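First the structure, in the form of structure tokens, and then the observations on it.
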Amino acid sequence: MATDLATIYRPVAGDLEALDGVLRRELASEDPFVGELVGHVLASRGKLVRPALALLSAAACGGADEQRLWLAGTVELIHIASLIHDDIIDVAELRRGVATVNMLWGNQVAVLLGDYLFATAFDLVSRIRHPEVAPTIAQAAVAMSQAEITAVKLGGEPHEDEATYFAIIEGKTARLFSAACRAGALIAGAGPDVAGALAEFGLRWGQAFQITDDALDLTGTPEALGKPIGSDIDAGRVTLPVITALRRADEGDRQRLRALVRHASGDGAHQELRAIVDRYGGVRHALDTAATFARRATAALAPLPATPAAASLRELAEFVLVRAR
């Protein structure tokens, strides 16, 4: 199994290289300040998982014309815009080791830049001729917004409700992965069964991805995660490892963990929180749950013929778990 994304992405490597040019062209502006903002966010892009999934799904279904790059650009811009808005909400200072837009230029500029990227994304998707693609992407964007509102409403209040957690990560993360995969299949001419199978793959892969990400927030490194370790706790997010520990802990540890979730700040508090979570197997349970979703993602690929792109999708289902080992 390939253990690095460059190898997994090989069937669509040329398209991913071309994507940068597409985004820069679509976001070009006569205003030098807008150009500076665009240059900043495009210089610090991450793993390109969403466009890669769209492109691999299209390739696994026989390939598509230039619409595949419009779709890849759409899902990447939606993702970047959502991160910019997340950083405002979280008062984040760094993203992938680089200062955030809100820290450099303030919240007003950051909000408007996110809006600009969202608007450009929907300009791109409007050019795709398949009638089901734009609704698929729009519904995912609606789900993302609804899940964000739910998460903000909960704030930093500790809870033990796994169902609420799963609903939030499905909306915030997994639905866009699912839409990217389904839309990629559709523009390649796939029928409803295959498009549905790829949508299921993206949904389950996205759930595994987010749960693993939440575990890495407690166990990983800033380089692997792309943001400071403990940022979920600092931002008041209650993730699956914490929920598991809250459900299993004795009363004393439960009360202490609740206090840490509400007010954790600094390495000492993070280490204490991690110790309590570890005492009750919170990270282990989260990674086991992620593995279950990854297996469901792999099973969903059964209808696909054997192609290099389909093999890459299967390798992604394994890679999502390797990140946390």
> Within the stretch 21-53, restricting attention to residues that are surrounded by 15 or more Cβ atoms within 10 Å (Cβ to Cβ) and among the charged types (D, E, K, R), which residue is farthest from A110 (Cα to Cα)?
Replying inline: R50
> Given D161, D115, which one is in contact (Cβ under 8 Å) with a residue 60 or more places away in the chain and of a type in the set (D, E, K, R)?
Replying inline: D161
>> I need the full set of residues from the stretch 59-68 which are of a type in the set (A, V, I, L, M) and surrounded by fewer than 23 Cβ atoms within 10 Å (Cβ to Cβ), in order please.
In response: A59
>> Return the residues of the stretch 160-200 that are surrounded by 21 or more Cβ atoms within 10 Å (Cβ to Cβ) and of a type in the set (D, E, K, R); say none if nothing qualifies.
In response: K172, R175, R182
> Within the bounds of the stretch 297-310, is there any residue that is in a helix (DSSP H, G or I), touching a Ser or Thr at 6+ places or on another chain (Cβ under 9 Å) and modelled with pLDDT of 95 or more?
Replying inline: yes
> How many of the residues making up the stretch 113-159 are assigned to a helix (DSSP H, G or I) and surrounded by 15 or more Cβ atoms within 10 Å (Cβ to Cβ)?
Replying inline: 23
>> When you scan the stretch 4-26, do you find a residue that is within 17 Å of the chain's Cα centre (by Cα), among the aliphatic types (A, V, I, L, M) and in a helix (DSSP H, G or I), even just one?
In response: yes
> Exactly one of (1) in contact (Cβ under 8 Å) with a residue 60 or more places away in the chain; (2) within 22 Å of V41 (Cβ to Cβ); (3) among the small types (G, A, S) is unmet by G106. Its number?
Replying inline: (1)
>> Checking the structure you have, find out if any residue of the stretch 279-291 is part of a loop (DSSP other than H, G, I, E, B) and of a type outside the set (K, R).
In response: yes
> Which of the residues belonging to the stretch 43-58 are modelled with pLDDT of 95 or more and assigned to a helix (DSSP H, G or I)?
Replying inline: V49, R50, P51, A52, L53, A54, L55, L56, S57, A58
>> L56 - would you say it is touching a residue at least 60 places away in the same chain (Cβ under 8 Å) and either aliphatic (A, V, I, L, M) or surrounded by 16 or more Cβ atoms within 10 Å (Cβ to Cβ) (or both)?
In response: yes
> Which of the residues that make up the stretch 290-314 are farther than 18 Å from V194 by Cα and crowded, with 20+ Cβ neighbours inside 10 Å?
Replying inline: A290, F293, A294
> Conditions: (1) touching a residue at least 40 places away in the same chain (Cβ under 8 Å); (2) more than 28 Å from L313 (Cα to Cα). A43 meets all but one. Number of the miss?
Replying inline: (2)
> Within the stretch 63-107, restricting attention to residues that are part of a loop (DSSP other than H, G, I, E, B) and at pLDDT 95 or above, which residue is farthest from A143 (Cα to Cα)?
Replying inline: G106
>> Among the residues of the stretch 64-71, are any farther than 24 Å from A13 by Cβ, out of contact with any Gly (no Cβ under 6 Å at 6 or more places or on another chain) and touching a residue at least 60 places away in the same chain (Cβ under 8 Å)?
In response: no
>> Going residue by residue through the stretch 186-198, is there one that turns out to be closer than 18 Å to V49 by Cα and either outside any loop (DSSP other than H, G, I, E, B) or hydrophobic (A, V, I, L, M, F, W, C) (or both)?
In response: yes
> Name the residues in the stretch 139-161 that are farther than 30 Å from A309 by Cβ, modelled with pLDDT of 95 or more and in contact with a helix residue (DSSP H, G or I) (Cβ under 7 Å, 6 or more places away or on another chain), would you?
Replying inline: Q146
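The values are calculated or read from the model by the stated rules, or taken from the named source; none is laboratory data. As the structure is a prediction and not an experimental result, all values here were calculated from the model. Using ideal geometry, Cβ is built from the backbone for each residue, glycine included, and neighbour counts are taken over all protein chains shown.
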